[in-house]
1. Taking residue 147 and the conditions (1) β-branched (Val, Ile, Thr); (2) crowded, with 20+ Cβ neighbours inside 10 Å; (3) modelled with pLDDT under 95, which numbered condition does it fall short on, given that it satisfies the others?
2. Those residues that are of a type in the set (Gly, Ala, Ser) and either under 17 Å from residue 138 (Cα atoms) or assigned to a loop (DSSP other than H, G, I, E, B) (or both), I need them from region 169-197; list them, please.
3. When you scan region 70-86, how many residues do you find that are buried (at least 24 other Cβ atoms within 10 Å of the Cβ) and on the phi > 0 side of the Ramachandran plot?
4. Check off (1) loosely packed, with under 13 Cβ neighbours inside 10 Å; (2) among the hydrophobic types (A, V, I, L, M, F, W, C); (3) under 29 Å from the mean Cα position of the chain (by Cα); (4) over 30 Å from residue 162 (Cα atoms) for residue 61 and give me the number that stays unchecked.
5. Give me the residue from region 68-89 that is of a type outside the set (S, T, N, Q) and under 19 Å from residue 166 (Cα atoms) and, out of that set, farthest from the chain's Cα centre (by Cα).
6. Modelled with pLDDT under 95 and either outside the structural domain of residue 120 (by TED's automatic domain parsing) or closer than 19 Å to residue 87 by Cβ (or both): which single residue out of 58, 34, 54 fits that description?
7. Please count how many residues of region 277-293 are of a type in the set (S, T, N, Q) and without any contact (Cβ under 8 Å) to a residue 24 or more places away in the chain.
Amino acid sequence: MGENGEDRRARGATWIRTMAQLNEHESRSTVARRCRSGRYVQVLRGVYADAEPRGIDRCRAVSLWRADATFSHTTAAWLWGLIDEPELVHVTVPPSTQLRGPGWLAVTRRELPGPGSWAFDLPVVGIARAIVESVPLVDAQTAERIVDEYARSDERYEELLECCRRDAGCRGAPLARRVVERAARRTASEAERVVARALGRAGYHLEVNKAIGRFWCDLVDEWSGVVVEIDGRGPHSERSVFRNDRRRQNRLVLDGWLVLRYAADDVFDDLDEVVREIVRTVAVRRRNRRRTGAR
């Protein structure tokens, strides 16, 4: 039995071609007739498929339609593997370009700094630019995650800041800059990153992976003398690490630091309560130290 139109729509397109490619084997009138019958679908002006394309096939159709289009924003972030597939396909074209596309296509007109990049054989903005452009378009947790994961090194952090500077005046640029500037850059685990970000949103920017004497601590607030340690189930369960953690905590306490410890599971299960306790503790100790003049 032959495949009907509904079956083809369900599986998506198996081929995408321009009118010029189709005309190598069939006339324009034949293409028009097959479009009317539902055998072909006109995806974009001059671009056809055997069914409505989805996913990356939509991007390939756009590339056939506009050779000057560069995939950007959340589409670029998706092509780089940073986020799930977005609903819209985002492209950036030169400022003078005049075009109208379907509802699933979002077009930005601006000059892009070169050189361009490629992903899946498609022209795409670089990772740093894709992240900065995506921050205003995704939820806050996703925006913070993709920024933090990329900005671990100073070089990559500066890349993000440079993209923010280039975008000054563009819609969403102030938000993108705030998220980048508050990056939790050197966290050793996802639980640490989540806590550092949540504290930053509350106005408490603790230093990440800071050395105190010969010990490295997860989060540190020198003003209040508070150290926050996040214990995961993996490394902290090893005997040598467990013993070293206790020795480190004892030394910190004897030196006047207050140490708050949290299990990673508690961070993920009740982040708000963890953050409230840290903020409350830091705020009280800051006030007390300011009142007594302690350092």
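1. (3)
2. Correct list: 169, 172, 173, 176, 183, 184, 188, 189.
3. Residues meeting the conditions: 1.
4. Result: residue 61 fails condition (1) only.
5. Taking region 68-89 and keeping what is of a type outside the set (S, T, N, Q), we get 68-69, 71, 73, 76-89.
After this cut, where a residue has to be under 19 Å from residue 166 (Cα atoms) as well, the list is 71, 73, 76-77.
Working: 71: 16, 73: 10, 76: 10, 77: 7 Å.
Per the stated criteria, the residue is 71.
6. That would be 54, the only listed residue that is modelled with pLDDT under 95 and either outside the structural domain of residue 120 (by TED's automatic domain parsing) or closer than 19 Å to residue 87 by Cβ (or both).
7. Looking only at that region, the number is 2.
Here's the yes/no breakdown for (1) surrounded by fewer than 18 Cβ atoms within 10 Å (Cβ to Cβ); (2) modelled with pLDDT of 95 or more; (3) in contact with an Asp or Glu (Cβ under 8 Å, 6 or more places away or on another chain); (4) farther than 30 Å from residue 188 by Cβ:
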{"site": "68", "(1), (2), (3), (4)": "yes, no, no, yes"}
{"site": "88", "(1), (2), (3), (4)": "yes, yes, no, yes"}
{"site": "94", "(1), (2), (3), (4)": "yes, no, yes, yes"}
{"site": "102", "(1), (2), (3), (4)": "yes, no, no, yes"}
{"site": "105", "(1), (2), (3), (4)": "no, yes, no, yes"}
{"site": "109", "(1), (2), (3), (4)": "yes, no, no, yes"}
{"site": "113", "(1), (2), (3), (4)": "yes, no, no, yes"}
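The values are calculated or read from the model by the stated rules, or taken from the named source; none is laboratory data. Model, not experiment: these values are computed from the prediction. Note: ideal-geometry Cβ built from the backbone for every residue, glycine included; neighbour counts use all protein chains shown.
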